[in-house]
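First the structure, in the form of structure tokens, and then the observations on it.
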Amino acid sequence: MLSLLVVGDWGRRGLYNQSNVAMGKAGERLGIDFVVSTGDNFYEDGLTGVDDPAFMESFTYLYTAAASRSPVLGNHDYRGDVMAQLDSALRIIDTRWQCMRSFILDTVLLRGHDPFVVHYWENPEDHQYDWREVAPREAYVGNLLKELDMALAASAARWKLVVGHHTIRSVSDHGDTEELVELLLPILQRRNVDLYINGHDHCLEHIGSRHSQLQFLTSGGGSKAWRGVFAPNTDEVRFFYDGQGFMSMQVTPSHLEVVFYDVHGRAIYTWGTSKDLLHPFV
């Protein structure tokens, strides 16, 4: 069995209830293998370098569980020194930090999708984005989509889970991400992906697609939340919580269970699904 926790939008030096999101106890109880971070790891503008004290103050000092953390990069991370988060020097400071551009672990493919969003390139406002190794945008996005499509097509995993930062479907403040709906969603549907997991919206939500088996799970409640926005879309909203919290997942060859927890670690929503061992989608 694979057991993991998922949390996003958290890095605020303990503020906005970050230090109260009670993942440690849940992690011990579930015997988790690792933690997935859905991005926006350090507010407001990422890290300034590998020696930025925000790394210790927002991560090392606040999270005490021994499990490693596998983060994707969010838009706030791209406003700082992105290469610092990817630098192996941080893994020397804290061996739990395992941040890479993308990787596959069992059933999980992690990849950040901020370079997809045209707005960050064309209208950055007062922000400076670090696009090293992802510019020019068109080439990077094209290669990423091809790489993802090939990886999913070749995967022998019974469950296919894709993790990014931005929403595809969301009923909260940011809503749907048009670029991902247009470019990424068709690949996920064609390759029979089971779950798309993201942060970006500071809430917890489960939305079911009306057109495929794909389920959209948002776990972006790691710190600042309570935005007071609920705008339903055409998909099936199964759960929505406009507050802090996190998510757990337990995966076996035949069963997958998702649980959302509030800031105190209390379970507030559970959903599960099963696959027959002879299921044609592998």
Filter region 233-248 for residues that are open to solvent by less than 50 Å² (accessible area, probe 1.4 Å) and modelled with pLDDT under 95 and give the result. N233, D235
For F42, all conditions in the list (1) under 15 Å from Q244 (Cβ atoms); (2) of a type in the set (A, V, I, L, M, F, W, C); (3) open to solvent by less than 10 Å² (accessible area, probe 1.4 Å) hold save one; what is the number of the exception? (1)
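Based on what the data block shows, is V251 crowded, with 18+ Cβ neighbours inside 10 Å, closer than 18 Å to L5 by Cα, modelled with pLDDT under 95 and touching a strand residue (DSSP E or B) at 6+ places or on another chain (Cβ under 6 Å)?
yes
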If you go through region 128-143 one residue at a time, how many are open to solvent by less than 60 Å² (accessible area, probe 1.4 Å) and in contact (Cβ under 8 Å) with a residue 40 or more places away in the chain? 4
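Among the candidates V50, V36, single out the residue that is within 18 Å of the chain's Cα centre (by Cα), outside any helix (DSSP H, G or I) and among the aliphatic types (A, V, I, L, M).
V36
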Do we find that Y129 is within 28 Å of Y63 (Cα to Cα) and of a type in the set (F, W, Y) in this structure? yes
Can you spot a residue in region 60-81 that is crowded, with 21+ Cβ neighbours inside 10 Å, of a type in the set (A, V, I, L, M, F, W, C) and at pLDDT 95 or above? no
Please count how many residues of region 191-241 are of a type in the set (S, T, Y) and over 30 Å from S254 (Cβ atoms). 2
Any chance you could count how many residues in region 201-217 are at pLDDT 95 or above and more than 19 Å from L145 (Cβ to Cβ)? 10
Within region 1-37, how many residues are aromatic (F, W, Y) and out of contact with any helix residue (DSSP H, G or I) (no Cβ under 6 Å at 6 or more places or on another chain)? 2
Among the numbered criteria (1) over 17 Å from the mean Cα position of the chain (by Cα); (2) surrounded by fewer than 20 Cβ atoms within 10 Å (Cβ to Cβ); (3) under 16 Å from S248 (Cα atoms), which single criterion is violated by S3? (1)
Strands (runs of 3 or more DSSP E) wholly inside region 206-282 that include at least 3 residues being under 22 Å from G27 (Cβ atoms): 215-219, 245-251, 255-262, 267-274
Has region 268-276 got at least one residue that is touching a residue at least 24 places away in the same chain (Cβ under 8 Å), under 20 Å from the mean Cα position of the chain (by Cα) and open to solvent by less than 20 Å² (accessible area, probe 1.4 Å)? no
Test for M56: is it of a type outside the set (G, A, S), at pLDDT 95 or above and surrounded by fewer than 16 Cβ atoms within 10 Å (Cβ to Cβ): yes
Give the residue that is modelled with the highest pLDDT, with candidates limited to residues of region 20-32 that are assigned to a loop (DSSP other than H, G, I, E, B) and crowded, with 16+ Cβ neighbours inside 10 Å. I32
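The values are calculated or read from the model by the stated rules, or taken from the named source; none is laboratory data. Quantities reported herein were computed from a predicted structural model and do not represent experimental measurements. Cβ: placed from backbone, ideal geometry, glycine included. Neighbour counts: every protein chain shown. All accessible areas refer to the heavy atoms of the entire protein, side chains included, with ligands and DNA or RNA removed. Shrake-Rupley method; radii C 1.70, N 1.55, O 1.52, S 1.80 Å.
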